[in-house]
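The values are calculated or read from the model by the stated rules, or taken from the named source; none is laboratory data. Keep in mind the model is a prediction, meaning the values are calculated, not measured. Every residue, glycine among them, receives a Cβ derived from its backbone with ideal geometry; neighbour counts consider all protein chains shown. The area values use the complete protein model at the heavy-atom level, side chains included, leaving out ligands, DNA and RNA. Shrake-Rupley method; radii C 1.70, N 1.55, O 1.52, S 1.80 Å.
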Amino acid sequence: MNINATNIIGTGLLRSFVMLTVVCSALLVCGQAWGHASANRTSPNNGDVLSQPPKEISIQFNEPARLLSLSIQGADEAPIAVNISAAKSIDGLTSIAIPSLKPQHYSVTWRALGLDGHATSGQFSFVIDPKEN
């Protein structure tokens with residue numbers, strides 16, 4: 001058997017490459033478990049123009065999440081606090097009744113806690129315009 005430096009170096013590089021491939025594959029497979037909660041969509045959707053005020057705000061998360069806070073800010077008024085203890089959550093969909101809103105532009109800011117214990121937050125806006133059909 002003929003062993004030389006080229007064979008040893010080549011074998012070491014091959015082992016390193018195989019290990020790197022295995023580690024990267026494991027990270028790709030487990031990546032979803034390490035992800036944080038995030039909002040997939042909201043209702044109203046960001047940028048919606050509504051002819052009638054919504055009766056509730058809904059946020060669809062990619063995993064179950066607990067709403068920590070939600071506030072609504074009108075263009076010409078102070079933030080409207082929303083009682084989050086009334087929020088309903090099923091399979092990542094969190095819905096909460098909101099007070100009656102008058103026609104104008106609104107920004108909604110929310111904060112939630114994901115299953116992994118990490119907080120996440122977001123913002124979206126919509127307009128209430130009775131002239132919109």
Legend entry - In the range 39-55, residue nearest to the chain's Cα centre (by Cα) [restricted to those that are loosely packed, with under 14 Cβ neighbours inside 10 Å and assigned to a strand (DSSP E or B)]: Asn40
Inset, instruction - Keeping to the range 24-58, report how many residues are at pLDDT below 95, over 18 Å from Thr120 (Cα atoms) and not hydrophobic (A, V, I, L, M, F, W, C). - result: 1
Legend entry - Residue among Leu20, Leu93 that is at pLDDT below 90, open to solvent by 60 Å² or more (accessible area, probe 1.4 Å) and out of contact with any helix residue (DSSP H, G or I) (no Cβ under 6 Å at 6 or more places or on another chain): Leu20
